[in-house]
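What follows is a single structure, written as C-alpha cells, with notes after it.
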Amino acid sequence: MIKLYGYFRSSTSYRVRIALNLKQLDYESLPVHLIKDGGEHHKPEYKAINPQGSVPTLVHDDVVIGQSMAIMEYLDGVQPEPPLVFGNGAQKAFIRRLSQVMSCDIHPLANLRVLQYLQNELKVSDEQKAAWSTHWVEEGLRDYESLLEQTEWSGEFSFGNQVSMADLCLIPQLYNARKIGVDLAPYTLCRRIETNCMKMADFQNAAPESQPDAPEDLAPIHGPDAPFLKNAA
C-alpha cells in the first residue's frame, strides 16, 4: 500500500502524483492543508510522520520518504518502467541537471514558507513579495530554456521523446508561474513540452484541479495554449 501525503497546489506533491500515475501505482491520497488552521503540516501528528513538516511524504509499507526528488528516485527502484532517469551517465546527469533547475534554483526561493517569512517576519509588501517570486521564476525558466536550446537531446519532451523526471519538475513550475502571472511567451520550448505532457491523462489527473482536496471551482490554468479538461481520458 502506498500513501501520499500532499497538498493539491503543492508543486512538489504534483511531481510525485505524476510519477505515481505514469508508473501505474495505486496510492491513497491523504491531503495536508498548508493554509488551514495555521497549516496542518505543522501539527504534531503530521510531524510524527515527517519531522520536517513538509509535503509530500510517501509511505510505502514501512518505508517513509520525504522530499519529492528522493521519492521519484525511490519510485524508479520500486517500479522501473517507465524510467524517470535513463540513458548513459551523461544523459542521466543532464536529466537531473534540468530537474534541479526547477527543484533547487526556483522552488526553494518561491515556495510558501519563504513567502510567508518575507511577509510575516521581514514585513515586505505584497508588491515586493510578488516581485521576488517573479524574479526567481523567470530566472530559472530562462536557464531551463537555454539548456533546452543548447542540447541535442531535447525533443518532444525535455529529454528526447520520452517523459523524464525533468518534465515532472517543469510542468508544476509552469503551473505556478501562470498562477502568479509570469509571462511565459518567451519560453517557447518549455511551452511546447507542456503541451505534449498535458495531452497525457497521467499529467492531467495529477493536476491541482483534479485532486480531492481542491476547491470545486478551481479552474485549470495550464493554458491558454493547453485547454485541457479535468480528468480527461
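The values are calculated or read from the model by the stated rules, or taken from the named source; none is laboratory data. None of the values given here were measured: they were computed from a predicted structure. So basically every Cβ, Gly included, is an ideal-geometry build from the backbone, and we count neighbours across all protein chains shown.
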Tally, over the range 155-172, of residues that are in contact (Cβ under 8 Å) with a residue 40 or more places away in the chain and in a loop (DSSP other than H, G, I, E, B): 7
Search result, residues across the range 5-19 that are crowded, with 23+ Cβ neighbours inside 10 Å and among the hydrophobic types (A, V, I, L, M, F, W, C): VAL16, ILE18, ALA19
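Specify the residue that is modelled with the lowest pLDDT; the eligible residues are those in the range 112-155 that are of a type in the set (Lys, Arg) and more than 19 Å from SER13 (Cβ to Cβ).
First, pick out the residues of the range 112-155 that are of a type in the set (Lys, Arg): 113, 123, 129, 142.
Going one step further and asking which of them are more than 19 Å from SER13 (Cβ to Cβ), we end up with 123, 129, 142.
Working: LYS123: 94, LYS129: 87, ARG142: 98.
Result: LYS129.
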Considering residues of the range 155-178 that are over 15 Å from HIS222 (Cβ atoms) and touching an Asp or Glu at 6+ places or on another chain (Cβ under 7 Å) only, the residue surrounded by the most Cβ atoms within 10 Å (Cβ to Cβ): SER158
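Listed residues PRO56, PRO80; which is farther than 15 Å from ASP167 by Cα, crowded, with 23+ Cβ neighbours inside 10 Å and not charged (D, E, K, R)?
Result of the check over PRO56, PRO80: PRO56.
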Some residue of the range 185-192 being assigned to a loop (DSSP other than H, G, I, E, B), within 27 Å of ARG142 (Cβ to Cβ), modelled with pLDDT of 95 or more and of a type in the set (Ser, Thr, Tyr): yes
Pair list, Cβ < 7 Å and 6+ apart or interchain, from the range 7-18 residues that are within 14 Å of ARG113 (Cβ to Cβ) to residues that are in a helix (DSSP H, G or I) and of a type in the set (S, T, N, Q): TYR7/SER13; SER11/GLN173; SER11/ASN176; THR12/SER68
Test set (1) over 14 Å from the mean Cα position of the chain (by Cα); (2) in a helix (DSSP H, G or I); (3) within 27 Å of LEU58 (Cα to Cα) - TRP132 fails condition number: (3)
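Here are SER154, SER164: which of them is among the hydroxyl-bearing types (Ser, Thr, Tyr), touching a helix residue (DSSP H, G or I) at 6+ places or on another chain (Cβ under 7 Å), closer than 15 Å to SER103 by Cα and assigned by TED's automatic domain parsing to the domain that holds MET102? Spell out the reasoning first.
Numbers: SER154 fails: closer than 15 Å to SER103 by Cα.
Unique residue meeting the criteria: SER164.
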Which numbered condition ILE49 fails, given (1) more than 20 Å from the chain's Cα centre (by Cα); (2) without any contact (Cβ under 8 Å) to a residue 12 or more places away in the chain: (2)
Candidate set: the range 144-154, residues that are surrounded by fewer than 16 Cβ atoms within 10 Å (Cβ to Cβ) and part of a helix (DSSP H, G or I); chosen: the one farthest from the chain's Cα centre (by Cα): GLN150
Among (1) farther than 21 Å from HIS33 by Cβ; (2) at pLDDT below 90, the one test that GLY89 misses: (2)
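Test LEU109 against the criterion of being surrounded by 16 or more Cβ atoms within 10 Å (Cβ to Cβ), in the same structural domain as VAL182 (by TED's automatic domain parsing), modelled with pLDDT of 95 or more and farther than 22 Å from ASP213 by Cα, and give yes or no. Can you show your working first?
Working: surrounded by 16 or more Cβ atoms within 10 Å (Cβ to Cβ): yes; in the same structural domain as VAL182 (by TED's automatic domain parsing): yes; modelled with pLDDT of 95 or more: no; farther than 22 Å from ASP213 by Cα: yes.
Taking the combined requirement at face value, the residue does not satisfy it.
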